Amino acid sequence: MAAAAAVGPGPGDSPEGPEADAPERRRKAHGMLKLYYGLSEGEAAGHSAGPDPLDPTDLNGAHFDPEVYLDKLRRECPLAQLMDSETDMVRQIRALDSDMQTLVYENYNKFISATDTIRKMKNDFRKMEDEMDRLATNMAVITNFSARISATLQDRHERITKLAGVHALLRKLQFLFELPSRLTKCVELGAYGQAVRYQGRARAVLQQYQHLPSFRAIQDDCQVITARLAEQLRQRFREGCSGAPEQAECVELLLALGEPAEELCEEFLAHARGRLEEELSSLETELGPSPPAPDVLEFTDRGGNGFVGGLCQVAAAYQELFAAQGPTGTEKLAAFAHELGGRYFVLVERRLAQEQGGSDNSLLVRALDRFHRRLRAPGALLAAAGLSESATEIVERVARERLSHHLQGLRAAFLSCLTDVRQALAAPRLAGKEGPSLAELLANVASSILSHIKASLASVHLFTAKEVSFSNKPYFRGEFCSQGVREGLIVGFIRSMCQTAQSFCDSPGEKGGATPPALLLLLSRLCLDYETATISYILTLTDEQFLVQDQSPVTPVSTLCAEARETARRLLTHYVKVQGLVISQMLRKSVETRDWLSTLEPRNVRAVMKRVVEDTTAIDVQVGLLYEEGVRKAQSSDSSKRTFSVYSSSRQQGRYAPSYTPSAPMDTNLLSNIQKLFSERIDVFSPVEFNKVSVLTGIIKISLKTLLECVRLRTFGRFGLQQVQVDCHFLQLYLWRFVADEELVHLLLDEVVASAALRCPDPVPMEPSVVEVICERG
């Protein structure tokens, strides 16, 4: 290796060829730049190689020469740099002096103490050397005396050893001859354990020397006494008046006496079954209809202390007593525990089922925690019985049932809020006074639902608390959080809320016919608020409280928001249809119930038109409480004074009145149809946007379209046509300000008057000035 190192690459060699020489060339060029800018060669080379240990100018080197260093500074450094070097060196010298003084001051007491300690050690070691010498002398004397005593007592020691052996043998023989009497006395006094120990000590000796008559007699007597002892132990075991420790002691003594283990195993389990079944019967009695059932926490405590504690004692005693039985004994114990444990679990589930109606989970979770915690010990002792797994399954089922219960509670709370809103909307009409506004009702509903959701989350969060024994189970760390709470409870409730809201959009005559329009409007705004902010907030709150460790797919926030927005759109569209239907019914009845051929000359606006304007204004106020204004097209300055555009078709009919005869109806129809070709098509049931202008526009389009269709089914006289003129002008005066485009109102009202003129045998329109006077007076 040394030879290999000697022939290896040197410090200046390139181990990797031309590619390794490139960094070296760059470092040399960098050093040349340093020299060009007035830096020393040592500084320029310092970047490429370490300091030379033999350099006399290295302040920290072992071969530092001050004269060479000063001569180098005088040659290479200007005066300013020399002064800076002197100042820096003086500063470093002072810092070193200060550090040295500080070090000495701080350790002065230590130096003094160390000096005193060394001085004392010198004196102590001198005394110790003298004492060690005296100790060595004394040890030599003691060794001499010990050797002399051992030599003197050697013969006596051998004799004493022989006598001691004889004495021990005689004591054993005495114990054997006294064994029957000792066993009899122990049996009479009830000291069964002591008797079994005596028998165990003498059994091997009596078995070995049973061929001797004297030992044979002792063995026969002992067997008789042992048989009586075993009978008494069996009697005591069968009586069952003692507890589990005493029973285990009886079995242990019987096994020590040589009784068959298989038979004792069966008797032990049978007796344990009787005691545990008594505990189960006691628990079942508490669940009966006559006595009041204890609370669930007390019930689980009784079951844990009674049945589970007894099962633990039985399992521990069985495994300790019958460990020699091997797998067969373990299977018997596992089957025994599985059977009784199943009956116990049935009782626990019956008691837990009585708690499903409550809203507070704290007591239930504490009871489940104690139930699950108490079954850890028997579960560890009897892994084959599956007690821990069964307990965990019960806890998981209860958790799922609680999630379902909370979901039903949220649905009931939402329906209760809707009932309160209905009552609040109906109460002012019945009492004849103003009730709470829609904005206040919306805020109350939103806050109530959100508070119920938070309360439900806090309630089910108890199942995942760190102090709960089952919270670290895979189900509660994954599926419970993602699929149970997030998807099953929160997402399920939001979708249920949207479905309930959409159910109000049924056709009239079913559920939707009796729904107040204000409720539809409120629900649409509630769903829109959920889409914009509430859904994201609720799901974020859920994800923060329940740290999901499950990779199962979950519903994205965007999907829920889209469903809520679609629900809001359907509700708002249905609101527009319902309100449009209400106004349309008034207009339809007003047209169908009037005799337009024999009507009198109009002197005022009909009351139904005033009612239409009033209802439209009320709807405008109602929608404005929940939705923003929206965007309108630029309005003309003469919108409220516009009369001629509305009646352009009528004026055309008047212009061509001399030629309007039954023989030429095709010309007038053709003229009207040509005009419609160049007018903008009006989509009556166009999509409704989430603003006030769009809602009112939809309602007014439905109402005026209904008026138009009703007019087309009637025949009008001259004064009937003029009444339609007056009514339409009145509607135009007030309805244009509610819609997004005032031309829409003008076009629809224009079509109404034109349709009335087409169906009038004597189409003579009223002068616009007279129409304006009547409308202003009305």
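Using a 1.4 Å probe over the heavy atoms of the protein chains, calculate the carbon and sulfur portion of the accessible area of segment 444-495 as a whole percent.
Values: 1060 of 1970 Å².
Here carbon and sulfur together make up 54 percent of the probe-accessible area.
Specify the inter-centroid distance of segment 572-603 and segment 486-504, based on alpha-carbon positions, in whole Å.
39 Å
Hey, what do the phi angles of segment 148-158 turn into as Karplus ³J(HN,Hα) couplings, whole Hz, using 6.51/-1.76/1.60 and θ = phi - 60°, x for Gly and Pro?
With the stated coefficients, segment 148-158 comes to 5, 5, 5, 5, 6, 9, 4, 5, 5, 4, 5 Hz.
Going from the alpha-carbon gyration tensor of segment 95-185, what semi-axes, largest first and in whole Å, does one get by taking the root of 5 times each eigenvalue? Don't skip to the end; give the middle numbers.
Values: eigenvalues 968, 162, 11 Å².
Equivalent ellipsoid of segment 95-185: 70, 28, 7 Å, largest first.
Quick one: Karplus J couplings for segment 414-420, per residue in order, coefficients 6.51, -1.76, 1.60, θ = phi - 60°, nearest Hz, x for Gly and Pro?
Once rounded to whole Hz, the list reads 5, 5, 5, 4, 5, 5, 4.
How many Å² of accessible area per residue for segment 734-778, probe 1.4 Å?
Numbers: 1720 Å² over 45 residues.
Each residue of segment 734-778 exposes 38 Å² on average to a 1.4 Å probe.
Taking the Kirkwood radius as the inverse of the mean 1/r across Cα pairs, report the Rg/Rh of segment 398-485.
When Rh is taken as the Kirkwood radius, the ratio is 1.21.
Using a 1.4 Å probe, how large is the accessible area of HIS167, given in Å² and rounded to the nearest 10?
110 Å²
Express in Å², to the nearest 10, the accessible area of PHE414 obtained by rolling a 1.4 Å probe over the protein heavy atoms while all chains stay in place.
Answer for PHE414: close to 10 Å² accessible.
Provide the packing ranking of 91-98, 482-489, i.e. peptides ordered by the mean count of other C-beta atoms within 10 Å per residue, highest first. Display every interim value, and only then the final one.
Working: 91-98: 10.1, 482-489: 21.2.
Packing proxy ranking, top to bottom: 482-489, 91-98.
Go through segment 495-503 residue by residue and turn each phi into a ³J(HN,Hα) via Karplus (6.51, -1.76, 1.60, θ = phi - 60°); whole Hz please, and just put x for glycine and proline.
So the Karplus estimates, Gly and Pro as x, are 5, 5, 5, 5, 5, 5, 5, 5, 5 Hz.
Ranked highest first by average number of other Cβ atoms within 10 Å, how do 468-477, 372-381 line up?
372-381, 468-477
With all protein chains present, calculate the accessible area of GLU339 using a 1.4 Å probe and round the result to the nearest 10 Å².
90 Å²
Rounded to whole Å, give me the distance from the Cα center of segment 526-565 to that of segment 333-396.
34 Å
If you count only protein heavy atoms with a 1.4 Å probe, what accessible area per residue comes out for segment 589-638, rounded to a whole Å²?
Values: 3080 Å² over 50 residues.
Here the residues of segment 589-638 average 62 Å² of exposed surface.
Could you tell me which of the pairs LYS577/LYS692; LYS589/LYS692; LYS589/LYS633 are separated by over 24 angstrom between their Cα atoms in the structure shown?
Numbers: LYS577/LYS692 15 Å; LYS589/LYS692 27 Å; LYS589/LYS633 33 Å.
Among LYS577/LYS692; LYS589/LYS692; LYS589/LYS633, the Cα-Cα distance tops 24 Å for LYS589/LYS692; LYS589/LYS633.
The values are calculated or read from the model by the stated rules, or taken from the named source; none is laboratory data. Being a predicted model, the structure only gives us computed values, none of them experimental. Virtual Cβ from ideal backbone geometry, glycine too; neighbours counted across all protein chains shown. Just the protein is used for accessible areas: all its heavy atoms, side chains included, with ligands, DNA and RNA removed. Shrake-Rupley method; radii C 1.70, N 1.55, O 1.52, S 1.80 Å.
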